[in-house]
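See structure below.
All of the numbers you see were taken from the coordinates with simple rules; none came from a lab. Not measured: the values here are computed from a predicted model. All Cβ positions, glycine included, derive from the backbone under ideal geometry; neighbour counts span all protein chains shown.
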Amino acid sequence: MSVDSLPLLNSAARRFYTCALLCAMAAVSLALDLGLFSSALAKPAIALGSRIESENGQERLIFDLTAPVKISARPLLDPDRIVVDIADLEFRLDPSAGRSINFSKLIKSFRFGLFAPGRSRIIIDLARPAAIVATRVDRTKDGSRLIIELAPTDAAHFASAASTAAATPPDSPPDTPPPLSSNPASLRAAGKAVIVIDPGHGGVDIGALGKHGEQEKTIVFEFARVLQTKIEAEGLFHAVLTREGDIFLPLAERVRRARENNAALFLSIHADTLGAPSVEGATVYTLSARASDAEAARIAEKENLADQAAGLEGKAEAEEVDDILLELTRRETHAYSREFSKTLISKWKDAGSLNKNPTRSAGFVVLKAQDVPSVLLELGYLSSEKDLSRLTSPQWREQAATKLAEAIKVFFQTRSNASQPGEGERAKVPRPE
Ligand SMILES: [Zn+2]
């Protein structure tokens, strides 16, 4: 509508109307300039390719993008890494693109993915200390180019740059994981026991990688979704996932979510790779201070590095409550965890292959909730062709998840029958109706 189309207005009203129209147009234009509408209107930029270029001893890691993005980069110690934070970037490139780079003198490998809602991250594992020479986003004729330029430096300079970066407050908001869509209070009110399913890894942390690019984070998430449906279908329990999409979640946050939901059982789902392709089958791990064997120690060490893989500082540690009274609870919880492990293995036999030694234990951070029986199930090995075809088959997933849901039911029925009058009041050991 134009001002001229309002012939009946007197001149004062016309002046007012014109002014209001111009002011509104100016405000919209200013808002567009300030980018106030950009998050609501713009689609996230997409990364379509990556490569490394070398020149005069320096190296450039380059990503081809569909649109420009805002980035910030900082060095991180132990191990030496460069973490690049990016506002809203979708990665549509081979997830194994940054694995095992052997031609670069500075870059050992790099990873990329979603870190938090609307925030993406690239993590560069360094082969030797490197300084960030420049980070920039250039416009090209068909999109944009994200460039991280690195030059060799010595360990002392790298350490000093990392401590300066650590002392500088980040310009991005703190790393708050996305909330769960389930509400713990309403779940409790519904009166059913809650099973918390934890699909390992996610977002920038891909986990293990299969020969043909299969990703652990996706395989375990798909399994967890089917399992959730199976458990809910039984009608006895509520099943909650720790992560509800392809997003990174710190290990301690997974434990916190189990406790927050007052979980009756916590199941962390993973898959592994091994140099020996003949090793196959599922393994069920429980928590122990000392690993049951070398393989269990290796797996726990690898899984406990998940936070580091996503560029978090420090070692992953679950919230420890140092209370002598908790010791009894802890022992009881461990006994339940081991019992569930046995039940699960006896049921799993019918659905999928078991590892030669399926009952193991080690110091997994994610199993450290003192009052929630917890097991970590490695579904199989992505390095085994047989396991890989099982793990990627929807039919197998259905069968295995059915057996797992049955194991949960049997476990709680047994517990219910074994408990003395009054004992079952403890929320952690519910009796299905
Ligand atoms: Zn894993």
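Between Ala151 and Lys349, the modelled label-to-label distance comes to 6.6 nm, taking each label 7 Å out from Cα in the direction of the beta carbon.
Where a ≥ b ≥ c are the square roots of the eigenvalues of the C-alpha gyration tensor, would you call region 283-405 rounded, which needs a/c under 1.5, or, failing that, prolate if a/b is larger than b/c, or oblate? Taking the square roots of the gyration eigenvalues as a ≥ b ≥ c, region 283-405 is oblate.
Within the shell defined by Cβ-Cβ distances under 13 Å, the residues around Ala47 carry a net charge of +1, with Lys and Arg each +1 and Asp and Glu each -1. Taking Cα centroids, how far is region 231-289 from region 371-397 in Å? First find each Cα centre; the distance between them is then 11 Å.
Could you work out the local net charge near Ala271, counting Lys and Arg as +1, Asp and Glu as -1, over the other residues with Cβ closer than 10 Å to its Cβ? With Lys, Arg at +1 and Asp, Glu at -1, the neighbours total -4.
Our coupling estimate for region 141-156, obtained by passing each phi through the Karplus curve with A = 6.51, B = -1.76, C = 1.60 and θ = phi - 60°, is 5, 10, x, 9, 10, 8, 10, 10, 9, 10, 9, x, 9, 9, 4, 5 Hz, Gly and Pro reported as x.
Electrostatic tally near Phe340: other residues with Cβ closer than 11 Å to its Cβ, Lys and Arg +1, Asp and Glu -1, net +3.
Label-to-label distance, Gln399 versus Leu326, with points set 7 angstrom from Cα along the beta-carbon direction: 4.2 nm. Quick check on region 43-166: take the gyration tensor over C-alpha atoms, sort the square-rooted eigenvalues as a ≥ b ≥ c, and tell me if it's rounded (a/c under 1.5), prolate or oblate. Verdict is prolate for region 43-166. Taking amide H positions as modeled 1.01 Å from N, with prolines and chain starts lacking one, the residues under 5 Å from Val133 and 5 or more places away or on another chain are Glu149, Leu150, Ala151.
The phi-based Karplus calculation (6.51 cos²θ - 1.76 cosθ + 1.60; θ = phi - 60°) puts the 3J(HN,Hα) values of region 339-351 at 5, 5, 4, 4, 4, 4, 5, 5, 7, 4, 3, 6, 10 Hz, whole numbers, x for Gly and Pro. Beta bridges per DSSP, both residues in region 190-425: antiparallel share near 20 percent.
Around the amide H of Gly49, modelled in the peptide plane, lie the amide H atoms of Asp64, all under 5 Å away and 5 or more residues distant in sequence or on another chain. Applied to region 279-287, the Karplus parametrisation 6.51 cos²θ - 1.76 cosθ + 1.60 on θ = phi - 60° returns per-residue 3J(HN,Hα) values of 6, 9, x, 7, 9, 10, 9, 10, 7 Hz, with x for Gly and Pro.
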